[in-house]
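Undergrad: Structure provided below as structure tokens; questions to follow.
The values are calculated or read from the model by the stated rules, or taken from the named source; none is laboratory data. All figures in this text were calculated on a predicted structure; none of them were measured in a lab. Here the Cβ positions follow ideal geometry from the backbone for every residue, glycine too, while neighbour counts run over all protein chains shown.
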Amino acid sequence: MTHFEYLSVAVSIVLSLGVIRLLDAIRYAFHAPARYVVLFLWIIVKLMNHLLFWWALWSYRDFAHWNVLVFAWILLFPGLLYIQVTSLVTTTPQNVTDWHAHFYSVRRWFFCANILLILHTVVTASLVLSGASLYPLLIAQSLVLIINIVGVVNANPKVHLVIVLLALATQVFGFGTVFFVFDEPGSA
């Protein structure tokens, strides 16, 4: 077993905890009359965040300099993502009676966590990816950073609908162009 295989298990466990939390909340978040489409779409975006981070983890398969600090840095992303997810959907989603009110009560925390996730991604990607691969990723990350700053300072529901739709599009088109390619080791 390689260092990558050993350490990726811990990352996968933390990621799976966030996915479980999101999947557990979908039914409650979609239930009328409590539903709020912006929050529901953020659940989809956060599920995609989990998927894309797990997929991006493959970039480390040939990394030879593992140590506890590198491992802690990599584990920071799924840890932050989990903390963000628990604010978005709570640990008891069945007790939320108004997802709209809930979203706006955690909005600043949620978007500040997103900003930290983006900054983590920028630093990590610049260390792992080549310059050619990094350019489209930086464009997507810059857009996501800007919309998250707007999310922190603006509480207008129409603006938040635009923000989540942009975040969804960025996930699909921005990050997807970089991470939806699976190269076998040694084929690059």
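Undergrad: Give me a count of the residues in segment 1-31 that are without any contact (Cβ under 8 Å) to a residue 60 or more places away in the chain and in contact with a His (Cβ under 6 Å, 6 or more places away or on another chain).
TA: Residues flagged as without any contact (Cβ under 8 Å) to a residue 60 or more places away in the chain and in contact with a His (Cβ under 6 Å, 6 or more places away or on another chain) within segment 1-31 amount to 1.
Undergrad: While we're here: Just to be sure, is residue 60 of a type in the set (Ser, Thr, Tyr) and more than 27 Å from residue 100 (Cβ to Cβ)? Don't jump to the end; show me each part of the working.
TA: Details: of a type in the set (Ser, Thr, Tyr): yes; more than 27 Å from residue 100 (Cβ to Cβ): yes.
When the stated conditions are applied, residue 60 passes them.
Undergrad: So residue 34 clears everything in (1) under 26 Å from residue 122 (Cα atoms); (2) touching a helix residue (DSSP H, G or I) at 6+ places or on another chain (Cβ under 7 Å); (3) in contact (Cβ under 8 Å) with a residue 60 or more places away in the chain except one condition, right? Which one?
TA: (1)
Undergrad: With the condition being modelled with pLDDT under 80, I'd like the helices (runs of 4 or more DSSP H) fully within segment 88-178 carrying at least 1 qualifying residues.
TA: Numbers: elements: 99-128, 131-153, 157-169.
Result: 99-128, 131-153.
Undergrad: Let me ask you something else. Looking only at segment 60-84, count how many residues are closer than 17 Å to residue 121 by Cα and modelled with pLDDT of 90 or more.
TA: Residues in segment 60-84 being closer than 17 Å to residue 121 by Cα and modelled with pLDDT of 90 or more: 15 in total.
For (1) in contact (Cβ under 8 Å) with a residue 24 or more places away in the chain; (2) touching a Pro at 6+ places or on another chain (Cβ under 9 Å), each residue gets a yes or a no:
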| residue | (1), (2) |
| --- | --- |
| 52 | yes, no |
| 62 | yes, yes |
| 68 | no, no |
| 73 | yes, no |
| 77 | yes, no |
| 80 | yes, no |
| 87 | yes, no |
| 95 | no, no |
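Undergrad: Consider residue 57 carefully, then state whether it is of a type outside the set (D, E, K, R), assigned to a helix (DSSP H, G or I) and at pLDDT 95 or above.
TA: Working: of a type outside the set (D, E, K, R): yes; assigned to a helix (DSSP H, G or I): yes; at pLDDT 95 or above: no.
It is false that residue 57 is of a type outside the set (D, E, K, R), assigned to a helix (DSSP H, G or I) and at pLDDT 95 or above.
Every residue, every condition in (1) under 18 Å from the mean Cα position of the chain (by Cα); (2) among the β-branched types (Val, Ile, Thr), yes or no:
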| site | (1), (2) |
| --- | --- |
| 7 | no, no |
| 11 | yes, yes |
| 14 | yes, yes |
| 32 | no, no |
| 44 | yes, yes |
| 57 | yes, no |
